[in-house]
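Take a look at the structure below.
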Amino acid sequence: MAEILAGLSAVLAWQVLGFLAIGVCLGAVFGALPGLTATMGVALLTPLTFWVSPEQGLAMLLGIYCGTIPSGGIPAILINVPGTPASIAASWDGYALTRKGQAGLALGINALASTTGQLTSIAFLAFLAFPIASFALRFGPAEYFGLTLLGVSLMAGVSGGHVLKGVLSGTLGLALALVGLDPMTAYPRYTFGMSEFLDGISFVPVMIGLFGLGEVLVQISDRQSVRASAAAAIGRVLPRIADAKRMARATFSGAAVGTMVGAIPAAGGDIGAVIAWEQARRTSSDGDSFGKGSLSGLAASCSACNAAIGGGMTTMLTLGIPGDAVSAILIGALLIHGIQPGPLLFANNQAFVFSIVFLMIFASLLIMVIGILGAKPLAKVLSIPAPWLWAGIIVFGTVGAYALNNAVTDVWAMYVAGVAGFLFRKTQIPLGPLVLGLILGPLMESNLRRALILSRGDWSAMLTRPILLVFLAATLLSLLWPLIRARRGAAKRSQGRIPDA
Amino acid sequence: MVSRVMASLAEGHLNVPIVCEYKPGASGALAFSFVARRASDGYTIGHAPVEIAIVRSLGYADIGPSDVSLICLVSKTAPALVVHPDSPWQSFDDFIAAAKTGTGNIVMANSGIGSIWHFNILLLEQGTGARFTHLPYGGSAPALVSVIGRHSDAAVAAVGEVISHVRAGSLRALAVFDAARAGVMAEVPTTHELGYPIGAPAWSGFYGPAGMPAERVAMLADAFKTAFETAEWTEFCRELGMEAHYLGKEDFAAFALEQQRFFESRIPQLVRLENP
């Protein structure tokens, strides 16, 4: 108890809270602009923190981390362009709500569910850090393969009912992920002799192109715009109590899924949100509305991708292992300030752990306030005349794609992906599986091959691993589910017809 | 990180702000090619890690230390061999003995084929006659995690990368691949004192495009030298487990060329040895 109070008092200084607020605001800007990522924000500002006290520096970095992911949902909801890969799942229901004239409500749910997800994961961090960490450590190559396979298959299975089109898109993403150095032998693949391709195709420019530029091209070619119909309608921001009650289960189970997935090193909010969304859909009494503007679907995905933050921090603080790129930089920042993440930190410096917990709590409350107050002004984006908005998306997309790695190759990747996104939309092939395939492909491939190195090429030895078996079963189920449901539906219909006959 | 800290310490002496731009890709090959193509006015310089002496041997880019104007070297980092604390190997000799008897029973995680730490593992195999099953990861952090989670048996990574886990008791360091012991891990023996003079450290320096005017090089080297001598730099190196080590223009050029010859002569031979 004394440690909790000491931790709280260390952060209750106006300078610390001021730096936290600066961090959250910067994070919100970084998150809302596709191409600017939390990783980049934290990396850019880490050197600045050498000149302030450890608490102040940490406050700013945690503020950025906690501020980025919630605001990544904002462009996903308003213009169907996810600000971060973690917000892809949020665009499915969020953008559908915007088309229905409920942009305000979607933004409100994003703010509330994001903060709920963060706070839940922080609670896990404060009370269950070590059990979660030991679960994360059990993830060896075979388990990673199972998790990523499930992620891609869920995406393919759930996107819009066209399983085959989803599989096509996901497979294309996996194929694109093969470009670059072979992860096991470092031999260049599909690089056509260009060193720019050695590190593979970055997914952020592809995501911006597919979602952003692709959407713009479709709107131009259809000569219609959502904004024309639903422009003025922003609607209420805060959900009704009854709606909130109905969303509660999806929100909290999403937070639990997100925390667990986030705790596993290298798996983050992107895959966590998809798994949480699918889980919410399957357990919902109204699963058919998912993807068409379901409040629960939006809440589950927003909550899960934010809960991954607390999960990642748990692994980082308990084991000294980075859960994602951001926490890897945070470890470096802590080391420079002479703070060593790991089991000893919890034993010797509990007050510091609680300082982090309180900083994250304050940051997530602050981003919620910003999200709710900002919903109405932000939704004004929708009343911008369409051509202006299109031009804006293209400009920001181009800058974002370049800013990622300072590479012109990425800008070209963005434009090519934009044209592909246009064709995909015209042929109703879902875009999500492609991006997820591209993100998860390297993880999936390298871990399958690692697992095979460890089992000496024996595929059957992998099947003795319980966690992997659970993932494989879930993968099979997600791919077969639409078929099973269709058959059941047919059976019901034919049963229904018997009395008539 | 090295360049950002160095830049912030050096810019006061140059009276111009230093803007750090991050160009990832292909073990630094993209960044080397980018800097080498810029105007040689001294306003674009790059951070030169050990990879500048390696990428040509790996075929990533046709560039090496002699194609650029080297300015100075500021730090060095030795590799360390680590195992899980619950593993039966208490010492380097235990470990090597076990690796010699088995036929690749010991799984050795590395931070990527062609990385400097993987290269050190190959040197270890060549120098001691040990054989491992190699498990490549995309960087040191995941390779170390796989040892901590007992998915692999051992790993080689920078002293600075393993020190935190060693202090926390989640990894055990068996040897540092260097002639002298590492300041932050003085209790760990070196390969040289154990009778195996192997090891290729990672290092960090700065360089500009070829043909930079001598006075510009000298000016930059002076600024970095002043930055190198600050207490902040010593502290930064100590915290990250690096060795603050300064080499001026001529010494750095000689050292880098010698390193390039070393990698050029050893890489083909080690690749044959592994022959997966």
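Using Cβ point charges alone (K and R +1, D and E -1), the dipole size of the range B:79-199 about the Cα centre works out to roughly 160 debye. For the range A:357-479, carbon and sulfur atoms together expose 79% of the accessible surface, with a 1.4 angstrom probe and every protein chain in place.
Farthest towards the positive end of the charge dipole of chain A, among the residues A:G374, A:Q340, A:I132, is the Cα of A:G374, using unit charges on the Cβ of Lys, Arg, Asp and Glu. Across the cross-link table entries A:K165/A:K426; A:K100/A:K376; A:K245/A:K380; A:K100/A:K292; A:K100/A:K165, which are compared at the Cα atoms, the separations over 21 Å belong to A:K245/A:K380; A:K100/A:K165. For chain A, the relative contact order comes to 28 percent (Cα pairs under 8 Å, sequence separation of at least 6).
Taking the Cα centre of the range A:207-353 as origin, work out the dipole magnitude from +1 charges on Lys and Arg Cβ and -1 charges on Asp and Glu Cβ, in debye rounded to 20. Provide the component values of the computation, followed by the final result.
Values: 10 positive and 8 negative charges, 100 e Å.
Dipole of the range A:207-353, to the nearest 20 debye: 480 debye.
Dipole orientation for the range A:239-335: of the candidates A:V261, A:V274, A:M247, A:M247 has the Cα lying most toward the positive pole (charges on Cβ; Lys, Arg +1; Asp, Glu -1). Measuring with a 1.4 angstrom probe and ignoring ligands and nucleic acids, A:M247 comes out at about 10 Å² accessible.
The gain in end-to-end length when the A:L463 to A:L365 segment is fully stretched comes to 30.9 nm, 0.36 nm per residue minus the alpha carbon separation.
Residues in the protein assembly as shown average 39 Å² of solvent-accessible surface per residue, probe 1.4 Å, ligands and nucleic acids excluded. Once A binds B, the 1.4 Å probe can no longer reach about 3000 Å² of accessible area, counting both sides. Rounded to the nearest 20 debye, the dipole size of the range A:2-481 about its Cα centre is 1080 debye, using +1 on the Cβ of Lys and Arg and -1 on the Cβ of Asp and Glu.
The residues of the range B:96-131 listed by number as losing at least 50 Å² of accessible area in the complex, against the isolated chain and with a 1.4 Å probe, are B:I113.
In terms of the Cα gyration tensor, with a ≥ b ≥ c the square roots of its eigenvalues, is the range B:79-199 rounded because a/c is under 1.5, prolate because a/b exceeds b/c, or oblate? Show your work: numbers first, answer last.
Working: a/c = 1.22, a/b = 1.02, b/c = 1.19.
Verdict is rounded for the range B:79-199.
Considering helices alone, the calculated mean residue ellipticity of chain A at 222 nm is -25000 deg cm²/dmol, with DSSP H runs of length four and up weighted by -39500 (n - 2.57) and normalised per residue. Among the residues of the range A:194-212, those with an accessible-area drop of 30 Å² or more from chain alone to full protein complex, heavy atoms and 1.4 Å probe, are A:S195, A:L198, A:D199. Take the alpha carbon gyration tensor of chain A, find the square roots of its eigenvalues, order them as a ≥ b ≥ c, and report rounded if a/c is under 1.5; if not, report prolate when a/b exceeds b/c, else oblate. Rounded shape, in that the Cα axes give a/c under 1.5. Residues of the range A:388-429 whose accessible area, computed with a 1.4 Å probe over protein heavy atoms, drops by at least 20 Å² once all protein chains are present relative to their chain alone are A:N405, A:N406. Accessible-area rank, largest first, for B:H134, A:H162: A:H162, B:H134, with all protein chains present and a 1.4 angstrom probe. Dipole orientation for the protein assembly as shown: of the candidates B:S69, B:A256, A:V152, A:V152 has the Cα lying most toward the positive pole (charges on Cβ; Lys, Arg +1; Asp, Glu -1). Ranked from largest to smallest solvent-accessible area, with a 1.4 Å probe on the protein heavy atoms, B:F177, A:F124, A:F192 come out as A:F192, A:F124, B:F177. Cross-link partners of B:K225 among aspartates and glutamates, defined as those whose alpha carbon lies under 19 angstrom from its own and excluding same-chain residues fewer than eight positions apart: B:E11, B:E215, B:E235, B:E243, B:E250, B:D251. Applying the criteria of a DSSP loop state and at most 11 other Cβ atoms within 10 Å to the GluC sites (Glu not before Pro) of the range B:181-261 yields B:E187.
Rounded to a whole number, what % of the accessible area of the range B:79-199 do carbon and sulfur atoms account for, probe 1.4 Å? Present the calculation step by step, with values, prior to reporting the outcome.
Working: 1980 of 3820 Å².
Here it works out to 52 percent.
The values are calculated or read from the model by the stated rules, or taken from the named source; none is laboratory data. Just so it is clear, the model here is predicted, and its values are computed rather than measured. Note that we place each Cβ from the backbone using ideal geometry, even for glycine, and neighbour counts take in every protein chain shown. Accessible surface is based on the protein model in full, side chains and every heavy atom, while ligands, DNA and RNA are left aside. Shrake-Rupley method; radii C 1.70, N 1.55, O 1.52, S 1.80 Å.
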